[in-house]
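Every number here is computed from the coordinates shown, using simple stated rules; none is lab data. What you see is a predicted model; the values in this text were computed from it and never measured. Here the Cβ is made from the backbone with ideal geometry for all residues, glycine too, and neighbour counts use every protein chain on show.
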Amino acid sequence: MSQLLDQITASWKDAMRSGDAVRKETLSLVRAAVKNVQIDAKTEMDDAAVQVVIEKEAKKRREAALEYEKAGYPDRAQKERDELAVLQDFLPSQLSEEELQGIVSETIAEVGASTAKDMGKVMGALRPKIAGRADGKVASEMVKAALS
């Protein structure tokens, strides 16, 4: 069993004991998502696979918060951000904009990219370096700007 999943379960139990409803509900949803993936894959998941599930759940929360803000529901957007904060406890620390820009520049130089046509090569080399630590959409925009 995954150590990360064990940490999530322990935190979920602590949240139940302390009465932290947001944390308990969020971690329950993550545990269910992991369980669904395990059932579909018919195998136990390692930490990397559990982290991918958490990243997907975090992305859902980020996007939902933005949509609720646009639609004029600040209370629902805040709920999504609160859940995102819980999920970020189980994700690696995010890269700052400056750190990400440095990695993007370094990757462009490694690949030898010079035009927008090389974007696929750059993103292919960049994804493993930033996996779980930066939003791919933001990185893609940085690459596009650098190659323009």
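How high is the relative contact order of the chain? Use alpha-carbon pairs under 8 Å, at least six apart in sequence, and give a whole percent. Walk me through the intermediate numbers first.
Details: 130 pairs, mean separation 30.1, N = 148.
So the answer I get is 20 percent.
Give me the percent relative contact order of region 3-88, please, defined on Cα pairs under 8 angstrom at least 6 residues apart.
Reported as a whole number, the value is 30 percent.
Compute the helix-to-body angle for 47-71: its Cα long axis versus the longest principal axis of the chain, expressed 0 to 90° and rounded to tens.
For 47-71 against the chain, the angle is about 90 degrees.
Got a sec? Which residues in region 114-148 would a label at R81 touch, if it sits 7 Å along Cα→Cβ and we count backbone N under 12 Å?
Flagged as within label range: none.
Neighbour counts of other C-beta atoms within 10 Å: give me R31, R17 arranged from fewest to most.
On the way: R31 16, R17 9.
Listed from fewest to most nearby Cβ atoms, that is R17, R31.
Helix-derived [θ] at 222 nm for the chain: sum -39500 (n - 2.57) over DSSP H runs of at least 4, divide by residue count, nearest 500?
-26000 deg cm²/dmol
Toward the positive end of the charge dipole of region 97-147, about the Cα centre and with charges on Cβ (Lys, Arg +1; Asp, Glu -1), which of M119, M142, I108 goes farthest?
M119
Let me check I have the definition right: for the chain, take the eigenvalues of the Cα gyration tensor, multiply each by 5, take square roots. What are those semi-axes in whole Å, largest first?
On the way: eigenvalues 210, 79, 32 Å².
So the three semi-axes of the chain are 32, 20, 13 Å.
Would you mind ranking K56, K24 so that the residue whose beta carbon has the fewest other beta carbons within 10 Å leads the list?
Result, fewest neighbours first: K56, K24.
For region 76-148, what's the relative contact order in percent, using C-alpha pairs closer than 8 Å and at least 6 residues apart?
38
Report, ordered by chain and residue number, the lysines lying within cross-link reach of K121, taken as a straight Cα distance under 23 Å and ignoring same-chain residues fewer than 8 apart.
K129, K137, K144
What is the angle, in °, between the Cα long axis of helix 119-130 and the longest principal axis of the Cα atoms in the chain? Nearest 10 is fine, range 0 to 90.
Value to nearest ten degrees: 40.
Neighbouring Cβ atoms within 10 Å as the yardstick, rank V111, V50, V22 fewest first.
Lowest count first: V22, V111, V50.
How far, in nm, would the chain grow between K137 and E44 when pulled straight, counting 0.36 nm per residue and subtracting the alpha carbon separation?
Contour length minus the Cα-Cα distance gives 30.5 nm.
For region 14-38 and region 109-148, compute the distance between their C-alpha centroids and round to whole Å.
Here the two parts' Cα centres lie 34 Å apart.
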